[in-house]
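Participant: The structure is given below, and queries will be raised subsequently.
Computed from the coordinates by the stated procedures, all read-outs in this text should not be read as laboratory data. All values reported here derive from a predicted model rather than from experimental measurement. All Cβ positions, even for glycine, are placed from backbone atoms using ideal geometry, and neighbour counts span all protein chains on display.
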Amino acid sequence: MRQARNLFVERYRSRTPESRRLYGEARTHLPGGVPGNAGYRPPYPLYVERAAGPFLWDVDGNRYIDSLIGGGPHILGHSPPAVMDAVAEQIRSGTSTIAPPATALVLARRIQKHMPHMEMMRFVHTGSEAVHMSMRVARAFTGRAKVGKFEGNFHGGYDNLLVSGTSFGGAEERPLSLPEGGGIPQSVLDDTVVLPFNNTDATVALIEQHASELAAVVVEAVGGTWLGGIVADQGFLEALREVTARHGILLIFDEVITGFRVALGGSAEVTGVTPDLTALAKTIGGGFPLGAFGGRRDIMDQVVTPSRGPDDDRLTIFQSGTFQSNLVSLTAGLAMLSELEKPGVLDKLNDHGDRVREGMEKIGANLGLPIRAVGQGSIFGVYFADEAPRTIRDVADSDRELAATFYLGLLAHGVYITPYHLGFTNAAQGRSEIDELLDICHSVLATIGEG
């Protein structure tokens, strides 16, 4: 495997001299030479010049099949004409206001058409903010302080979300609450009950034990950044819904990735499990920054609707922001949803996802490699293990060295996806792009198999 890795490093360096030069300059101004951690990768980051459709081009002019697609928001591909045309027209009429635009109402109604359980909602800027605000709503509504989250689930970059992701410990049935990096206060860890993902009996037992303290439990029905593409068991989600409802604990679905991607109604539609609150982002912005949180009318009206006057004694939350009325993102979201609603678009995306997962496992079987491809709809994740992983501990037990070499090989041969992250198909892809992706995967894995 070392020989294959060396070949991939040499190929990457020979193709990307300008990225290497930029990295030498950028790392003196940007930590790691990148705007955010997700863009960093050894031996140095790839710097991008442009993106269009299913592709991106680096600063050396190399074309890549973009399987990361910006981390998920570009479900139609980069810069889809319908969205770009709508945005160009909106920019001429303004970009953002504090005053509420009619566009917010139009987009809210369009979301509710497909997600009727989001009876009321607020728009925010990111998925992290959407989950964070959902937790604040739950605490205000229930009067309880603690939140349950699952080991390995990723919910964003705020302090109260960065708990027990890739950092884990304790017995599998009783995971410890651990910080995901520095700067996370002990008080955050103390207010987080960490639960074992895809372990129904242990999860129910822990929720029962902490029921009087728990304001909410938040879950990804399809694992994102840390559980790339691992799908929650149906019975697990149903049991989670039952135990939280029985104890007055709000169930939050983090649909930042799955919303309008696995189905127009998201994971709630796929599973038939209805949460109390939902967090959305990525796809709903049409490639621009936008998130949303919302759910049951009684919850949202009680603690999110602003005070109506001096006689209104409700204890409400604060939720606002400079770009709360981002006209560009709201317009892009509407245009994107109009495209997704067209017949056959999601079917095409899902078919592409099926082809990638089936193709990867077939390549593994032909080459004698233990490849397990997971995911749902247009989401896929690739692991090197004898059995498909179901938890973050399974992910840690898979062959991470082989995975790292595989992802480096993909980059060196023209596929952009960050190590260990879930991948996506997009509506700009055709069969030829999926075939090309699988051909590159086969070539890379064959090289690894040779040494």
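Participant: Considering every residue within the range 422-431, establish whether at least one is farther than 30 Å from residue 338 by Cα and outside any helix (DSSP H, G or I). Spell out how you get there, then give the answer.
Facilitator: Of the residues in the range 422-431, the ones farther than 30 Å from residue 338 by Cα are none.
Looking through the range 422-431, none of the residues is farther than 30 Å from residue 338 by Cα and outside any helix (DSSP H, G or I).
Participant: Can you pull out every residue in the range 372-390 that is of a type outside the set (Gly, Ala, Ser), in contact with a helix residue (DSSP H, G or I) (Cβ under 6 Å, 6 or more places away or on another chain) and in contact (Cβ under 8 Å) with a residue 24 or more places away in the chain? Full working, then the answer.
Facilitator: Of the residues in the range 372-390, the ones of a type outside the set (Gly, Ala, Ser) are 372, 374, 376, 379-380, 382-384, 386-387, 389-390.
Going one step further and asking which of them are in contact with a helix residue (DSSP H, G or I) (Cβ under 6 Å, 6 or more places away or on another chain), we end up with 380, 382, 384, 389.
Within the range 372-390, 380, 382, 389 qualify.
Participant: Being in contact with a Gly (Cβ under 9 Å, 6 or more places away or on another chain) and within 21 Å of residue 145 (Cβ to Cβ) is the filter here, so list the residues in the range 196-224 that pass it.
Facilitator: Across the range 196-224, the qualifying residues are 203, 206, 207, 210, 211, 214, 215, 216, 217, 218, 219.
Participant: In the range 194-235, what count of residues is obtained for those that are surrounded by 21 or more Cβ atoms within 10 Å (Cβ to Cβ) and not in a loop (DSSP other than H, G, I, E, B)? Walk me through how you get there before you give the answer.
Facilitator: Quick first cut of the range 194-235, residues surrounded by 21 or more Cβ atoms within 10 Å (Cβ to Cβ) only: 194-198, 203, 206-207, 214-232.
Now restrict to residues that are not in a loop (DSSP other than H, G, I, E, B): 194-195, 203, 206-207, 214-219, 222, 231.
So the count comes out to 13.
Participant: Of everything in the range 433-451, what is polar (S, T, N, Q) and touching a His at 6+ places or on another chain (Cβ under 8 Å)? Give them in sequence order. Break it down into steps so the answer makes sense when it comes.
Facilitator: Here is the first cut: in the range 433-451, the residues polar (S, T, N, Q) are 443, 447.
Answer for the range 433-451, where residues must be polar (S, T, N, Q) and touching a His at 6+ places or on another chain (Cβ under 8 Å): just 443.
Participant: Out of 189, 227, 251, I need the residue that is of a type in the set (A, V, I, L, M, F, W, C), under 14 Å from residue 149 (Cβ atoms) and in contact (Cβ under 8 Å) with a residue 40 or more places away in the chain. Which one?
Facilitator: On the way: 189 fails: in contact (Cβ under 8 Å) with a residue 40 or more places away in the chain; 251 fails: in contact (Cβ under 8 Å) with a residue 40 or more places away in the chain.
One residue alone meets the criteria, 227.
Participant: Does the range 164-185 contain at least one residue that is surrounded by fewer than 17 Cβ atoms within 10 Å (Cβ to Cβ) and part of a helix (DSSP H, G or I)?
Facilitator: Within the range 164-185, none of the residues are surrounded by fewer than 17 Cβ atoms within 10 Å (Cβ to Cβ) and part of a helix (DSSP H, G or I).
Participant: Can I ask one more? When you look at residue 73, is it crowded, with 19+ Cβ neighbours inside 10 Å and within 18 Å of residue 418 (Cβ to Cβ), yes or no? Outline the logic, then answer.
Facilitator: Working: crowded, with 19+ Cβ neighbours inside 10 Å: yes; within 18 Å of residue 418 (Cβ to Cβ): yes.
Taking the combined requirement at face value, the residue satisfies it.
Participant: Right, something else. I'm checking my understanding of the structure. Among residues of the range 76-105 that are exposed (fewer than 15 other Cβ atoms within 10 Å of the Cβ) and hydrophobic (A, V, I, L, M, F, W, C), which one is nearest to residue 259 (Cα to Cα)?
Facilitator: 105
Participant: Follow-up question, since we're still on this one. Could you tell me which of the residues 383, 407 is under 18 Å from residue 363 (Cα atoms), touching a strand residue (DSSP E or B) at 6+ places or on another chain (Cβ under 7 Å) and aromatic (Phe, Trp, Tyr)?
Facilitator: Just a single option satisfies the conditions, and that option is 383.
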